[in-house]
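The values are calculated or read from the model by the stated rules, or taken from the named source; none is laboratory data. Given the structure is predicted, the values throughout are model-derived calculations rather than measurements. For neighbour counting, all protein chains shown are included, and Cβ atoms are generated from backbone atoms with ideal geometry for every residue, glycine included.
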Amino acid sequence: MLNLFFNIKNACIFNNFIFILLIFTLNLVLVIKFVLYYNPQITKARKYFNIYYIYYIYKSNISFNSGLSMLVGISETIRMLFFKISSIFLFNCFIFSAYFILNYSLYNIKYISLKLLKLKSKNYSMLTPKKSKDIIFNQWLAGLIDGDGCFQLSKKGYASLEIVMEIRDQHCLYLIKQRFGGSIKLRSGVNWLRYRLHHKKGILDIINAINGEIRNPIRLIQFNKICEKYNIALIQPVYLTYYNGWFSGFFDSDGSVYLNLLSSQILITASQKNKFLLDMLVELYGGNVYIQKESFKWIVFRKAEINNLLNYFNLCPSRSAKHKRLKSINRYFELRELKAHLSSDNSILGKAWKKFLFKWSKFEK
């Protein structure tokens, strides 16, 4: 802030240097003119008419018959001189000050406004960075692989990637196939689909897309083996930021959205055996991590934190069937504020609540 102030001040002084010089010159000329032309006489000087008096008259450019009174007392003349000089000086100082303050204020407002706009734009871009769709997709893919994926290197040296998801989330797998190739097959006897990629070009494209975004320690070890096979340097993941698309992919693999009917409360959760991944979510998105029998569970239930997550998913969307429930959360909050969950079944609000619950049950969690 101090640097900003001094920059403004220096700029104003530089831009107004000519004006300052002109005002100073005008003041000097007016004061000199007044002293030389209007210099009043001191009556006592007539009693000591000598060479010094003649020299004083000569320097002051005053004639004996100039019309000025020679009977004026010394105190009155000094007051008159002081009043005239002070009036000229103060008047010009007022003009200068008014101009300088006005100019400074306008420049200050303009400069500060531009800075604030840039700062606001900068802060906004820090919170909601303008990323290309490819970057967000690649980060989403890394999160999905950290949850439901697996890199494999066979004994013969063949590299492959597998991702297993429920049939309801087939849209996610077809998006990946569209970009990198591979195959999607139904696993026998279960309601799951398996995506598999094993040709070299597709594997290399996957490596270039997600290198530096894999965060699951187990998956990172698997990914490193694939990188070593193709002599590609492994990029260590940087600290996860709020608007990184990784979380949306991780949520599509290990996340869920629940509605507790007993408390009429929304819960957004994610389960993992690795607590490290869930601790990152607590730091960025709030919530708490709880221990289950064989894993850990991250749970968010506060309204402010849920709204925060909904803002995140607007930029980094969920691509699984869970996005339907995410889209319905705002409707839930509207009905809850109207206390529709407490209304009788035959009332308008009660019917609206039952209709909402019916749709919610049809959405996949």
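Table: residues versus (1) over 27 Å from the mean Cα position of the chain (by Cα); (2) of a type outside the set (Phe, Trp, Tyr); (3) surrounded by fewer than 17 Cβ atoms within 10 Å (Cβ to Cβ).
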| residue | (1), (2), (3) |
| --- | --- |
| Ser253 | yes, yes, no |
| Leu259 | yes, yes, no |
| Ser264 | yes, yes, yes |
| Glu294 | yes, yes, yes |
| Asn311 | no, yes, yes |
| Pro317 | no, yes, yes |
| Arg331 | yes, yes, yes |
| Glu337 | yes, yes, yes |
| Leu349 | yes, yes, yes |
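Looking at Met165 and the list (1) in a helix (DSSP H, G or I); (2) closer than 19 Å to Leu277 by Cβ, which single condition is not satisfied?
Here Met165 meets the rest and fails (1).
When you scan segment 190-280 for helices (runs of 4 or more DSSP H) that lie fully inside it, which ones turn up with 2 or more residues that are under 29 Å from Lys155 (Cα atoms) and among the basic types (Lys, Arg)?
Per the criteria, 200-210, 217-229.
Would you pick out the residues in segment 288-311 that are part of a strand (DSSP E or B) and aromatic (Phe, Trp, Tyr)?
Result: Tyr290, Phe296, Trp298.
Right, Ile266: touching a residue at least 40 places away in the same chain (Cβ under 8 Å), over 22 Å from Cys172 (Cβ atoms) and not small (Gly, Ala, Ser) or not?
Spelling it out, Ile266 is indeed touching a residue at least 40 places away in the same chain (Cβ under 8 Å), over 22 Å from Cys172 (Cβ atoms) and not small (Gly, Ala, Ser).
Within segment 295-310, does at least one residue satisfy the condition of being at pLDDT below 90 and of a type in the set (Asp, Glu)?
no
Since Leu240 meets every condition but one in (1) more than 24 Å from Gly181 (Cα to Cα); (2) loosely packed, with under 15 Cβ neighbours inside 10 Å, which condition does it not meet?
Only one criterion in (1) more than 24 Å from Gly181 (Cα to Cα); (2) loosely packed, with under 15 Cβ neighbours inside 10 Å is unmet by Leu240, namely (2).
Say we look at segment 351-365 and pick out the residues that are aromatic (Phe, Trp, Tyr) and closer than 13 Å to Ile266 by Cβ; which of these is surrounded by the fewest Cβ atoms within 10 Å (Cβ to Cβ)?
Filtering segment 351-365 for residues that are aromatic (Phe, Trp, Tyr) and closer than 13 Å to Ile266 by Cβ, the one surrounded by the fewest Cβ atoms within 10 Å (Cβ to Cβ) comes out as Phe363.
From the list Arg215, Arg187, Arg196, which one is touching a residue at least 60 places away in the same chain (Cβ under 8 Å) and either among the basic types (Lys, Arg) or assigned by TED's automatic domain parsing to the domain that holds Glu166 (or both)?
From the options Arg215, Arg187, Arg196, the qualifying one is Arg215.
All but one of (1) without any contact (Cβ under 8 Å) to a residue 60 or more places away in the chain; (2) on the phi < 0 side of the Ramachandran plot hold for Phe151; state the number of the condition that does not hold.
The number of the failed condition is (1).
I'd like the full set of residues that are surrounded by 18 or more Cβ atoms within 10 Å (Cβ to Cβ) and farther than 12 Å from Asp146 by Cα, limited to segment 210-222.
Result: Asn211, single match.
Since Lys327 meets every condition but one in (1) in contact (Cβ under 8 Å) with a residue 60 or more places away in the chain; (2) under 26 Å from the mean Cα position of the chain (by Cα), which condition does it not meet?
(1)
Answer yes or no: is there a residue in segment 312-321 that is in a loop (DSSP other than H, G, I, E, B) and in contact with a Cys (Cβ under 8 Å, 6 or more places away or on another chain).
Within segment 312-321, one or more residues are in a loop (DSSP other than H, G, I, E, B) and in contact with a Cys (Cβ under 8 Å, 6 or more places away or on another chain).
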